[in-house]
Amino acid sequence: MNEGERMEIKAVIFDMDGVLIDSEPSNLKQLSDFYELHGVIAEPSFLISLVGSSIEYTGVESIHLLQKDWSIEEFYERFDGYANQHPVSYRDILNPGVKETLLWLKQHGYRIAIGSSSTLSNIQRMLEECELQDVFDIVFSGEMFAKSKPNPEIYLSIAQHLKLAPCQCMVIEDSSFGIEAGKKAGMMTIALTDHRFGIDQSKADDHIECIQDICDKLQ
């Protein structure tokens, strides 16, 4: 990132799962346990292929794996019922340095937003449990759009609502779907480095090891 690009950045947009919260292991375990409840043992490679994917993609692939004639709506009605009985504590999986970084960004005049493929109800529950309800300027869920990541619609819409050009926005992502969406939107796209799932993050403009590294990138 050169000096000119630093001066252009006015907003930082965060993915939620894997970025703000270390939710991927918990999410995959929920799915794996749900599959087992229906008599199917999922291969680790299959579960990893779902990391960062859209709600629709996960539903379609899950229905195919389970060999059910469910609709997407029926799958999620069943899965949500299971997940509600086995909830994840978002407070316990908030990534280190998130609150400090968000405070630093606000103090330095940056707009901050969430652009997540997760459901709006899950995003709102995360914000409440982690006491971040009043921090973000905009919160958008993939379910609000016809096409989810890697389609850039969610990120372009956030920029539009913030009244900023895409080049004035920085995206923080971890999944290949999210990174591709950020790049297609024409935004500076930073990957929170993955050390567990073998995610292809090669298209990202830069990488960080922890959330607080964002402050160094912007200084």
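The values are calculated or read from the model by the stated rules, or taken from the named source; none is laboratory data. As the structure is a prediction and not an experimental result, all values here were calculated from the model. Glycine gets a Cβ as well: all are built from the backbone with ideal geometry, and neighbour counts include every protein chain shown. Note: areas computed on protein heavy atoms with side chains; ligands, DNA, RNA excluded. Shrake-Rupley method; radii C 1.70, N 1.55, O 1.52, S 1.80 Å.
Rounded, prolate or oblate: pick one for the stretch 122-217, where a ≥ b ≥ c are the square roots of the eigenvalues of its C-alpha gyration tensor, a/c under 1.5 means rounded, and failing that, prolate if a/b is larger than b/c, else oblate.
Values: a/c = 1.36, a/b = 1.13, b/c = 1.20.
Rounded.
Given a cut-off of under 8 Å on Cα pairs at least six residues apart, what relative contact order in percent is computed for the chain? It rounds to 26 percent for the chain. The stretch between ASN84 and LEU218, if pulled fully straight at 0.36 nm per residue, gains 44.4 nm over its current Cα-Cα span. How much net charge surrounds GLU180 when only the other residues with a Cβ under 14 Å from the Cβ of GLU180 are counted, with Lys and Arg +1 and Asp and Glu -1? Spelling it out: positives minus negatives among the neighbours equals -1. To the nearest ten degrees, helix 72-85 and the longest principal axis of the Cα atoms of the chain are 90 degrees apart. Using R₀ = 25 Å, calculate the FRET efficiency as 1/(1 + (r/R₀)^6) where r is the Cβ-Cβ separation of SER157 and GLU8; round to 0.05. Result of the calculation: an efficiency of 0.80.
Give, in nm to one decimal, the length gained when the segment between ILE72 and ASP206 is fully stretched (0.36 nm per residue of separation minus the Cα-Cα distance).
44.7 nm
From the cross-link list LYS10/LYS184; LYS68/LYS183; LYS184/LYS217; LYS163/LYS183, which pairs have alpha carbons spaced over 24 Å apart? Exceeds cut-off: LYS68/LYS183. Of all segments of the chain bounded by GluC sites (Glu not before Pro) found in a DSSP loop with no more than 16 other C-beta atoms within 10 Å, the longest spans 1-130.
How large, in percent, is the carbon and sulfur part of the accessible surface of the stretch 24-64 at a probe radius of 1.4 Å?
Details: 1160 of 2000 Å².
Carbon and sulfur atoms account for 58 percent of the accessible area of the stretch 24-64.
At a probe radius of 1.4 angstrom, the accessible area of the chain per residue rounds to 49 square angstrom.
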